1. Read through the labelled values (1) 8.0; (2) 5.8; (3) 6.9 and report the label of the one computed as mean projected area of the Cα convex hull in nm² from the structure.
2. For a paramagnetic label modelled at 7 Å from the Cα of Arg50 toward its Cβ, which residues of region 59-73 fall within the zone defined by backbone nitrogen distances under 18 Å?
3. At a 1.4 Å probe, what is the % contribution of carbon and sulfur to the accessible area of the chain?
4. With each pseudo-label sitting 7 Å past Cα toward Cβ, what's the Trp99-Ala28 distance in nm, one decimal?
5. For the Cα atoms of the chain, what angle does the longest principal axis make with the long axis of helix 36-45, in degrees from 0 to 90, nearest 10?
6. What does the accessible area per residue of the chain come to in Å², with a 1.4 Å probe and no ligands, DNA or RNA counted?
7. Contact order normalised by length for region 50-108, with contacts defined as Cα pairs under 8 Å and 6 or more residues apart; what percent is it?
8. Could you point to the residue in Ser31, Tyr17, Val61 farthest towards the positive end of the chain's charge dipole, with +1 and -1 charges on the Cβ of Lys/Arg and Asp/Glu respectively?
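The values are calculated or read from the model by the stated rules, or taken from the named source; none is laboratory data. Since this is a predicted model, take the numbers as computed values, not measurements. Cβ placement follows ideal geometry from the backbone for every residue including glycine, while neighbour counts extend to all protein chains displayed. Heads up: the accessible areas ignore ligands, DNA and RNA and are worked out on the full protein's heavy atoms, side chains in. Shrake-Rupley method; radii C 1.70, N 1.55, O 1.52, S 1.80 Å.
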Amino acid sequence: MDWLTPIRECFDVNRVYYTQHARREMEAEESGPVLDEGVCQAVLAGEVIREYADDKPYPSVLILGSTHDRRPLHIVCAYDAEEDRAFIVTVYQPDPVQWIDYRTRRTP
């Protein structure tokens, strides 16, 4: 399924909601706080690198994107198709030690 189109449209019409967990992670990010604007930039320029179709209460995806200043971000975003709204579940800057090209998790 094309998850990005409806999620991006939610950003266009301001139907994006942040969980408390996402807000805490954005504020506490080791590399500096992540702003809403950066999340939007990363989603609009991003790609889905993993799908969680069975997530409840809504299916979600892991998006890899970057801000205008090239800061890589991972964003877990759930999409409620019935209400046409997106939920930002968590946001973090991926650690290059744990990720190959920020797309594939390294095995321990």
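1. The value computed from this structure is option (3).
2. 59-66, 72-73
3. Within the chain, the accessible surface is 48 percent carbon and sulfur.
4. So the label points at Trp99 and Ala28 sit 1.9 nm apart.
5. Once rounded, one gets 90 degrees.
6. About 61 Å² of surface per residue is accessible.
7. 22
8. Ser31
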